[in-house]
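Asker: Next up is a structure, given as structure tokens.
What follows is calculated from the coordinates using simple rules that are stated; it is not laboratory data. What you are looking at is a predicted structure, and each value in this text was computed from that prediction instead of being measured. Glycine also receives a Cβ, built like all others from the backbone with ideal geometry; neighbour counts cover every protein chain displayed.
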């Protein structure tokens with residue numbers, strides 16, 4: 001039971017905090033967890049309890065919670081130049097250097113970067129860019145945005161409309177013109193007797209059919225996560241992007257890679273699009289961009305979209321969009337250091353070397369009779385709970401199985417994320433072999449406990 005003493009941290013939080021994306025029955029029964037600091041992949045709460053955070057905060061604290069180089073970079077930039085914007089042709093030197101670095105590490109030979117404060121804003125800005133571009137080129141009717149069911153792109157009105165999650169219906173979303181295609185989850189969406197190759201081919205035909213139905217001349221772009229993140233760490237079926245990319249190219253529809261979660265080695269390579277062998281027209285980045293040490297997002301434009309947007313902007317003398325903290329010098333200084341830490345201080349190599357151990361741990365737990373599937377790529381994975389394994393029948397939603405598993409993990413000092421009927425793991429890149437074994441050991445005990453109660 002939560003400590004409901006009026007002066008407790010838990011009571012103070014509940015008295016004055018309006019919770020987002022939080023299971024309110026859990027708060028009522030257990031109270032919130034109030035953390036004060038972290039070391040490596042662990043966070044510590046106000047009572048001194050330590051938790052291994054297998055969520056990396058919210059996918060993003062990949063260098064851990066106390067990386068000295070990132071802290072030093074932030075302090076140094078605050079001492080040197082603590083804040084500015086990127087409007088009116090004025091920006092910090094750190095912003096210039098980060099744009100150069102992002103193009104250098106991108107799949108693009110040339111391009112430009114536009115800064116936001118989050119992944120949601122990056123998605124929102126990208127849509128405005130596409131609408132602006134097509135209107136400037138004499139095709140103002142090209143406004144429809146294609147995404148996928150169960151995909152997640154953010155929480156602004158536009159990015160939530162891109163997000164293929166049913167909960168957005170409580171806001172009267174999606175807005176008109178946002179079209180959601182089949183979720184590319186072969187285990188759940190594949191038909192009886194359908195092979196993975198057949199499933200991929202069917203998704204390709206569906207895309208062709210949607211383009212024919214809606215009209216290619218009405219579609220502004222297709223936005224896709226290389227691996228669905230908040231959909232439950234769902235990798236695409238074999239050959240998916242090799243199938244859809246030529247279709248989009250043939251119809252002149254830009255393909256945008258939403259790498260807010262997958263960017264900077266979450267999937268084992270710098271970008272998820274590299275993992276799956278496709279070159280998008282633009283990349284959306286956030287989270288790992290600053291290793292979670294500063295709120296920042298970016299739209300990384302490839303050469304064609306960059307040139308077209310530049311021409312459209314020159315025609316009216318500006319691109320009328322931006323945010324007060326776009327290209328913040330402290331955020332850019334942190335991002336420059338974070339990229340160096342991930343690529344050059346062993347974090348990327350740690351992801352590559354420990355991915356087999358991570359996958360083996362997931363596969364072992366998937367042997368449980370109430371785990372229907374394990375899935376993942378790189379350092380993002382999930383276990384899908386089922387009431388009946390042969391038929392893939394889910395548990396009754398009223399049982400809140402994944403939330404119960406996550407709560408049982410919390411009791412053991414492990415933070416993981418419930419998503420639908422899945423438990424998602426996205427460990428920090430600094431995790432060690434011993435810590436990974438600790439993660440799976442605690443999760444296994446939580447699974448055994450909860451399934452004994454509900455199965």
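Asker: So how do 24, 248 line up by other beta-carbon neighbours within 10 Å, fewest first? Numbers along the way, then the final one.
Answerer: Details: 24 8, 248 22.
In increasing order of surrounding Cβ atoms, one gets 24, 248.
Asker: Another one. For a label point 7 Å from the Cα of residue 29 along Cα→C-beta, name the residues of the range 414-455 whose backbone N is under 20 Å from it.
Answerer: Residues 414-424, 443-455 qualify, since their backbone N sits under 20 Å from the label point.
Asker: Treat each spin label as a single point 7 Å out from the Cα along the C-beta direction, and report the residue 432 to residue 196 distance in nm.
Answerer: In this crude spin-label approximation the distance works out to 3.4 nm.
Asker: Any chance you could run the full-extension gain for residue 170 through residue 16? It's 0.36 nm times the residue separation minus the Cα-Cα distance, nm to one decimal. Before the final figure, lay out each step's value.
Answerer: On the way: separation 154, 0.36 × 154 = 55.44 nm, distance 2.34 nm.
That pair, residue 170 and residue 16, stretches by 53.1 nm at full extension.
Asker: Now a separate question. Given C-alpha coordinates of the range 353-408, what is the ratio Rg to Rh with the Kirkwood estimate of Rh? Write down the numbers at each step before the final one.
Answerer: Details: Rg = 12.2 Å, Rh = 12.1 Å.
Rounded to two decimals, Rg over Rh is 1.01.
Asker: How much length is gained if the chain between residue 128 and residue 187 is pulled fully straight, taking 0.36 nm per residue apart and subtracting their Cα-Cα distance, in nm to one decimal?
Answerer: Working: separation 59, 0.36 × 59 = 21.24 nm, distance 3.46 nm.
Extra length available between residue 128 and residue 187 comes to 17.8 nm.
Asker: What is the extension gain from residue 216 to residue 66, computed as 0.36 nm multiplied by their sequence separation minus the C-alpha to C-alpha distance, in nm to one decimal?
Answerer: Numbers: separation 150, 0.36 × 150 = 54.00 nm, distance 4.88 nm.
Once the chain is fully extended between residue 216 and residue 66, it gains 49.1 nm.
Asker: May I pose another question? Restricting to DSSP H runs of at least four residues, report the calculated mean residue ellipticity at 222 nm for the chain, -39500 (n - 2.57) per run over all residues, nearest 500 deg cm²/dmol. Don't skip to the end; give the middle numbers.
Answerer: Numbers: 16 runs with 189 residues, N = 455.
After summing the helix terms and dividing by the residues of the chain, the value is -13000 deg cm²/dmol.
Asker: Something else now. Using r as the Cβ-Cβ distance of residue 209 and residue 104, and R0 as 51 Å, what FRET efficiency do you calculate, to the nearest 0.05? Don't skip to the answer; put the middle values down first.
Answerer: On the way: r = 39 Å, r/R0 = 0.77.
Approximately 0.80, to the nearest 0.05.
Asker: Compute the distance from the alpha-carbon center of the range 28-102 to that of the range 290-366, in whole Å.
Answerer: So the two Cα centres are separated by 14 Å.
Asker: May I pose another question? Where a ≥ b ≥ c are the square roots of the eigenvalues of the C-alpha gyration tensor, would you call the range 148-212 rounded, which needs a/c under 1.5, or, failing that, prolate if a/b is larger than b/c, or oblate? Provide the component values of the computation, followed by the final result.
Answerer: Values: a/c = 3.15, a/b = 1.93, b/c = 1.64.
It comes out prolate by the Cα gyration axes.
Asker: Given R₀ = 35 Å, what would the calculated FRET efficiency be for residue 316 paired with residue 75, taking r from the Cβ atoms and rounding to 0.05? Provide the component values of the computation, followed by the final result.
Answerer: On the way: r = 41 Å, r/R0 = 1.17.
The pair residue 316/residue 75 has a calculated efficiency of 0.30.
Asker: Find the Cα radius of gyration of the chain, compare it with 2.2 N^0.38 Å by division, and give the number to two decimals.
Answerer: Working: Rg = 22.1 Å, N = 455, 2.2 N^0.38 = 22.5 Å.
Scaled against compact globular proteins, the figure is 0.98.
Asker: While we're looking at this one, here's another question. Using a ≥ b ≥ c from the Cα gyration tensor of the range 1-158 (square roots of the eigenvalues), is it rounded, prolate or oblate, where a/c under 1.5 gives rounded and otherwise the larger of a/b and b/c decides, a/b for prolate?
Answerer: On the way: a/c = 2.45, a/b = 1.51, b/c = 1.62.
Verdict is oblate for the range 1-158.
Asker: Would the range 346-455 count as rounded, prolate or oblate if I go by the C-alpha gyration tensor, calling it rounded below 1.5 in a/c and otherwise prolate when a/b exceeds b/c, oblate otherwise? Write down the numbers at each step before the final one.
Answerer: Numbers: a/c = 2.22, a/b = 1.69, b/c = 1.31.
It is prolate, given that a/c is not under 1.5 and a/b is the larger ratio.
Asker: Out of all DSSP beta bridges in the range 70-344, what portion is antiparallel? Express it as a percent rounded to 5. Can you show the working numbers first?
Answerer: On the way: 10 of 24 bridges.
In the range 70-344, DSSP labels about 40 percent of beta bridges as antiparallel.
Asker: At what distance in nm do the modelled label points of residue 251 and residue 391 sit from each other, each positioned 7 Å from its Cα along Cα→Cβ?
Answerer: Label at residue 251, label at residue 391, 3.7 nm between them.
Asker: Mean separation of Cα pairs under 8 Å and 6+ residues apart, divided by the residue count of the range 119-159: what relative contact order is that in percent? Intermediate results must be reported in sequence, preceding the final value.
Answerer: Numbers: 29 pairs, mean separation 24.8, N = 41.
For the range 119-159, the relative contact order is 60 percent.
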